[in-house]
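Notes for the one structure printed next.
The values are calculated or read from the model by the stated rules, or taken from the named source; none is laboratory data. The shown structure was predicted, so the numbers you read here are calculated from the model rather than taken from an experiment. Glycine also receives a Cβ, built like all others from the backbone with ideal geometry; neighbour counts cover every protein chain displayed.
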Amino acid sequence: MIPNQDASEKKIYTKDSELKDSELMDSYSKSVVNVAKIASDSVVNIRVTKTHNNLRNQQNQQQPYGTGSGFVISTNGLILTNNHVINQAKEIRVTLPSGKEMIPEIVGTDPATDLAILKIHEKNMIPLHFGNSDKLQPGQIAIAIGNPLGFQHTVTAGVVSALGRTLRSQSGRMIDDIIQTDAALNPGSSGGPLMDSAGRVIGVNTAIIKQAQGICFAVSSNLAQYISQLLIQHGKIRRAYLGIVGQTVKLPPLVVKNNLLKKLTAIYISSIDDKGDAQNKNLLKGDLLVEMDGKPLGSIDDLHRALTKETIGKEITVKIIRNSKPHFVQIVPSEMP
């Protein structure tokens with residue numbers, strides 16, 4: 001009797017387990033379906049026409065161009081997308097979920113964060129709302145919606161794989177606070193929203209690594225929201241420019257020790273643009289730039305982060321190593337054209 005009783009109990013347990021698994025999967029499915037419905041009237045398809053030269057250069061870039069995605073962020077027709085989707089486009093056309101096609105205006109672009117704002121003259125649009133990307137945790141559900149390869153309103157789901165990544169934009173600057181996800185992205189997904197299970201935008205889908213499987217990136221919602229507000233107000237993001245060409249180099253240990261440097265690398269100045277507005281005459285080719293305004297510099301990315309809009313037109317003291325000796329000189333960054 002006991003073996004039969006055990007078998008019966010085991011069978012009941014198995015059925016209960018299967019039922020619970022079914023309920024769990026159904027709950028997951030409901031979340032994804034609900035998010036897809038929330039975004040159904042807000043995600044648009046973007047088609048661009050470019051010159052033949054630009055099209056030939058596609059093979060050297062992270063993602064092919066021609067089509068992309070975007071999503072509505074205001075009732076009066078403002079659309080957020082990636083800058084690389086519309087960069088150097090001869091013509092841009094936005095197709096709404098209803099099938100209506102419109103030619104948008106470019107409100108503003110920021111190549112440094114790969115974001116752009118378009119506007120269509122359409123009223124009563126349904127915007128998506130931003131979530132707080134600072135509260136994200138690895139492992140939580142991430143749902144990507146876009147138009148890969150022209151297949152409109154494609155939904156893929158995965159998780160937030162990692163937070164705080166960096167990604168180099170086409171302008172050469174590093175984009176901070178990048179979200180890594182395994183929600184599948186394909187050419188044409190760029191500019192679409194990455195959303196949480198509550199239907200809030202947590203990122204803007206931006207890039208994939210072609211050689212990898214399930215490694216995709218999105219600009220965080222907090223950064224996207226901040227840049228969007230500035231683009232809507234000013235049309236561009238003001239950044240400082242020093243007028244040098246440099247590269248990150250490793251310093252000899254003796255140079256680091258003798259000059260009490262905080263970093264093991266520095267910026268080697270390979271050339272200087274003396275035709276711009278930046279006042280950089282105190283810098284020479286061959287100098288090692290190691291500090292700006294009291295803050296150590298160890299890479300080109302450090303320099304980019306230091307050249308904020310607050311430094312435009314401001315006299316700043318920089319520390320350089322010239323002929324193995326430290327020097328403090330004055331420079332005045334100009335505004336990046």
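For (1) in a loop (DSSP other than H, G, I, E, B); (2) out of contact with any Gly (no Cβ under 7 Å at 6 or more places or on another chain); (3) at pLDDT below 60; (4) crowded, with 21+ Cβ neighbours inside 10 Å, each residue gets a yes or a no:
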position: Tyr28; (1), (2), (3), (4): no, yes, no, no
position: Asn34; (1), (2), (3), (4): no, no, no, no
position: Val48; (1), (2), (3), (4): no, no, no, no
position: Asn53; (1), (2), (3), (4): no, yes, yes, no
position: Thr75; (1), (2), (3), (4): yes, yes, no, no
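Checking Gly243 against (1) out of contact with any Asp or Glu (no Cβ under 7 Å at 6 or more places or on another chain); (2) on the phi > 0 side of the Ramachandran plot, which test does it fail?
Going through (1) out of contact with any Asp or Glu (no Cβ under 7 Å at 6 or more places or on another chain); (2) on the phi > 0 side of the Ramachandran plot one by one, Gly243 breaks only (1).
What are the residues in the stretch 113-129 that are surrounded by fewer than 21 Cβ atoms within 10 Å (Cβ to Cβ) and within 15 Å of the chain's Cα centre (by Cα), if any?
Result: no residue meets the conditions.
Can you find a residue in the stretch 99-117 that is more than 23 Å from Leu223 (Cβ to Cβ) and small (Gly, Ala, Ser)?
yes
Using the structure shown, decide if Val94 is β-branched (Val, Ile, Thr), at pLDDT 95 or above, in contact with a Lys or Arg (Cβ under 9 Å, 6 or more places away or on another chain) and in the same structural domain as Gly172 (by TED's automatic domain parsing).
Yes: the conditions hold for Val94.
Scan the stretch 90-110 for residues that are within 22 Å of Ala224 (Cα to Cα) and not in a strand (DSSP E or B) and jot them down.
Selection gives Leu96, Pro104.
Looking at Gln180, Gln225, Gln211, which is the one that is polar (S, T, N, Q) and modelled with pLDDT under 90?
Only one candidate passes the filter, namely Gln211.
Would you mind listing the strands (runs of 3 or more DSSP E) fully within the stretch 181-284 where at least 2 residues are buried (at least 23 other Cβ atoms within 10 Å of the Cβ) and in the same structural domain as Asn83 (by TED's automatic domain parsing)?
Qualifying strands (runs of 3 or more DSSP E): 193-195, 201-208, 216-220.
Would you please name the residue that is nearest to the chain's Cα centre (by Cα), looking only at residues in the stretch 287-300 that are of a type in the set (D, E, K, R) and surrounded by 17 or more Cβ atoms within 10 Å (Cβ to Cβ)?
Only one residue fits best here, namely Glu291.
Would you confirm whether any residue within the stretch 325-333 is surrounded by 14 or more Cβ atoms within 10 Å (Cβ to Cβ) and of a type in the set (Phe, Trp, Tyr)?
No, the conditions are met nowhere in the stretch 325-333.
Identify, please: which residue in the stretch 306-324 is over 16 Å from Lys263 (Cα atoms) and assigned to a strand (DSSP E or B) and is, among those, nearest to the chain's Cα centre (by Cα)?
Going through the qualifying residues, I end up with Ile316.
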